[in-house]
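None of the figures in this text is laboratory data; all of them are computed from the coordinates on show. Keep in mind that what you see is a predicted model, and the values were worked out from it rather than measured. As a convention, Cβ positions derive from the backbone with ideal geometry for all residues, glycine included, and neighbour counts pool all protein chains shown.
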Amino acid sequence: MIECDLPTESRNPRTVDVDVLPTIEVLRLINDEDAKVPAVVAAVLPEIAELVDLAVESLRAGGRVHYFGAGTSGRLAVIDAAELPPTFGLWGRVVAHHAGGLGALSQAIEDVEDDADLGARDAADVHPGDIAVGIAASGRTPYVIGALRAAARTGARTALVSANPRSPYGQEVDIHIGMATGPEVITGSTRMKAGTATKLVLNAFSTTLMIRLGRTYSNLMVSVNAVNDKLRARLVRILIEATGMDTETCENALSEAGGDTKVALVSLLGEVSTSRATLALQEAHGGVREALRRLRTG
């Protein structure tokens, strides 16, 4: 496959005069192209849902989700994985592997993305039952393909997130999330529409995964524990929102739960002791609603 065969490398006929336009017209062109991205992501929601369900099954069985990417794709993967622990209290279960390591996060190292063997070596951390998600705008980055192939050999399930619906490598993985973002405003600059679409997919995937794992209650973050005064105040507000109870009651419940928001919440809503709330959560695999259902029916 030569470069011009790639959708992300095609020239955009709508922006050929972008370099002679007034500033506001350049911005309008960029904005018009960006506006196409949500519909592109909407078209692949069934594939994202399939990946979420696989990941839920894997994580509940003790597995992990691994992202593999290079350049912009890798940086977006690192951001997504890094933001899950402080938001959802899930540590070390969704991990990102970026071609070139930490040094490539702040400065481009162009040759590493072409190293399939490096991808395979980075995939040595993938185990049977894990999920390996490759992220490559072109749908063909050697580092990513090398990692996915190595992960598949271990018995892991694999997925490819790309801006190339026709990528031949999409046939090698269990799930191909191929987004038709089309040519960029600046030819080949996949940090633009392809990057925006990738960010939306990762946001949707990881957030839905956390919801399905019971890391939220309603639309509230309840899987974060009180480790400092600022966070404790935020969590008390969350408990007030979730229960409708007064500040003092929620503060006391959080203290009795040792700063564990979920335990405090189940204790308050279920009207049980913290020890009973803890047990109910363990039986419900950490899900607040399921813990409360068990308390009501038990």
Q) the range 221-283 to the range 135-157: how many Å between their Cα centroids? A) 41 Å
Q.
Per residue of the range 80-90, what does 6.51 cos²θ - 1.76 cosθ + 1.60 with θ = phi - 60° give for ³J(HN,Hα)? Whole Hz please, x for Gly and Pro, Karplus curve as stated.
A. 4, 5, 5, 8, 6, x, x, 8, 10, x, 10
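Are there trypsin sites (Lys or Arg not before Pro) in the range 1-109 that DSSP marks as loop and that have at most 13 other Cβ atoms within 10 Å, and which are they? Write out the running numbers ahead of the final one.
Working: sites: Arg11, Arg14, Arg28, Lys36, Arg60, Arg64, Arg75, Arg93; in loops: Arg11, Lys36, Arg64, Arg93.
Sites meeting the loop and neighbour criteria: Arg11.
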Q.
Mean-square fluctuation check for the chain, GNM, Cα pairs under 10 Å: which of Asp53, Asp117, Asp17 is largest?
A. Asp17
Q: Between Val144, Val20, Val37, find the one with the highest GNM mean-square fluctuation for the chain; connect C-alpha pairs within less than 10 Å.
A: Val20
Q | Residues whose placed amide H lies under 5 Å from that of His97, excluding near-sequence neighbours | A | Tyr67, Phe68, Gly69
Q) With contacts defined as alpha carbon pairs under 8 Å and 6 or more residues apart, what's the relative contact order of the chain in percent? A) 18 percent
Q) Three principal axis extents, largest first, for the C-alpha atoms of the chain, in Å? A) 65, 50, 35
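Counting helices only, and only those DSSP H runs with n ≥ 4, report the 222 nm mean residue ellipticity of the chain as the sum of -39,500 (n - 2.57) divided by its residues, in deg cm²/dmol to the nearest 500. Intermediate results must be reported in sequence, preceding the final value.
Working: 13 runs with 151 residues, N = 298.
Only helices count here, giving -15500 deg cm²/dmol.
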